[in-house]
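All remarks here apply to the structure that follows.
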Amino acid sequence: MKRVLYLLLMFTLFFVGCTPAATASSAPKPLTLNVFAAASLTDAFTQLGKKFETVHPGITVTFNFAGSQALRTQIEEGAPADVFASASKTEMDTLVTDGFIVPGTSQVFLNNKLIVILPANNTAHVTKLQDLANSGIKLVLAAEEVPVGKYARQALDQMNGQFGTDFKDKVLANVVSNEDNVKQVVAKVQLGEADAGIVYTSDAVAAPELKTIEIPSELNVIAQYPIATLTKSTKTDLGTSFIEYVLSSDGQAVLQKWGFAPPE
């Protein structure tokens, strides 16, 4: 009887001693996913990242938000990125051509469009698109090499046909600052340093205190956002999982909440 009790005691101690080790070895290995994303995705992707972490225990999603052109340069210079989400197909196509993107992974995951934002007090009394050409208006745009800056100038080209061939020149003469990314344009308008700015619809959603002027579809420019995994990433499977989540119904619902449209 004593021998049986002794064996039971030893078995129990052995089991208790081994159980934590087994549990520890089965726990997921902590990993960090580095996502480089266009500045206009800041609010939506921050929320998406938290949701992704919830369904993938042990995973931390770290974001680097900036203008797509700046992110492309950082990737070309060797910055550690696992996923790239761009506001411009031009930046993505350049990285694809130069071998930085895993072949076949680049795909459009949303669309965006332009809108004019105004300070809440609108002291310049800007009420319609034509007012952007009024003398003395302080307009802020993103720089021409920034996707939203390029799209804004394309929209102004189209407005020439409706508001006069010199409309774009008059509007550009009112530009007091060219910013490195769209969030800086929003900030200048929020701070009252500009009478108007041209940004994405999603940026206006993220800043509901600002007034807006819609740009009609025939004068607007649709921005297509591609996303892909990077060839130098050591976590391409995890990057692919993140992209799949972005494209899922849950991911698209978050994006649409922040003013983005699904890809066509």
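The values are calculated or read from the model by the stated rules, or taken from the named source; none is laboratory data. Here the structure is a predicted model, which is why all the values come from computation and not from measurement. Cβ coordinates were reconstructed from backbone atoms using ideal geometry, including for glycine residues, and neighbour counts include every protein chain displayed. Each accessible area value is taken on the protein alone, full model and side chains, heavy atoms only, with ligands, DNA and RNA left out. Shrake-Rupley method; radii C 1.70, N 1.55, O 1.52, S 1.80 Å.
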For region 81-102, the count of residues that are touching a residue at least 60 places away in the same chain (Cβ under 8 Å) and assigned to a loop (DSSP other than H, G, I, E, B) equals 8
Does any residue of region 123-140 turn out to be assigned to a strand (DSSP E or B) and either over 25 Å from residue 264 (Cα atoms) or modelled with pLDDT under 95 (or both)? yes
Residue that is at pLDDT 95 or above and within 19 Å of residue 83 (Cα to Cα), where the choices are 167, 163, 260, 242: 242
Looking at region 19-33, is at least one residue within 17 Å of the chain's Cα centre (by Cα) and either surrounded by fewer than 17 Cβ atoms within 10 Å (Cβ to Cβ) or at pLDDT 95 or above (or both)? yes
Would you say residue 178 is polar (S, T, N, Q), crowded, with 18+ Cβ neighbours inside 10 Å and within 20 Å of residue 124 (Cα to Cα)? no
Filtering region 108-122 for residues that are in a loop (DSSP other than H, G, I, E, B) and surrounded by 21 or more Cβ atoms within 10 Å (Cβ to Cβ) leaves a count of 1
For region 54-90, which residues satisfy the criterion of being open to solvent by 20 Å² or more (accessible area, probe 1.4 Å) and of a type in the set (Asp, Glu)? 76, 77
Test set (1) farther than 26 Å from residue 92 by Cα; (2) of a type outside the set (Asp, Glu); (3) crowded, with 17+ Cβ neighbours inside 10 Å - residue 187 fails condition number: (3)
Considering region 220-236 alone, what residues qualify as being surrounded by fewer than 18 Cβ atoms within 10 Å (Cβ to Cβ) and out of contact with any strand residue (DSSP E or B) (no Cβ under 6 Å at 6 or more places or on another chain)? 231, 232, 234
Taking residue 149 and the conditions (1) under 28 Å from residue 262 (Cα atoms); (2) open to solvent by 10 Å² or more (accessible area, probe 1.4 Å); (3) not in a strand (DSSP E or B), which numbered condition does it fall short on, given that it satisfies the others? (2)
Kindly indicate whether residue 41 is surrounded by 20 or more Cβ atoms within 10 Å (Cβ to Cβ) and under 30 Å from residue 191 (Cα atoms). yes
Kindly provide the set of residues from region 47-80 that are in contact with a strand residue (DSSP E or B) (Cβ under 7 Å, 6 or more places away or on another chain), β-branched (Val, Ile, Thr) and in a helix (DSSP H, G or I), ordered by number. 75
Region 118-138, residues that are on the phi > 0 side of the Ramachandran plot, in contact (Cβ under 8 Å) with a residue 24 or more places away in the chain and not small (Gly, Ala, Ser): 122
Pairs only if they're at least six apart or on different chains, beta carbon under 6 angstrom, first in region 55-71 and within 15 Å of residue 235 (Cβ to Cβ), second part of a strand (DSSP E or B) and open to solvent by 20 Å² or more (accessible area, probe 1.4 Å); list them, first residue then second. 59/31; 60/32; 62/32; 62/34
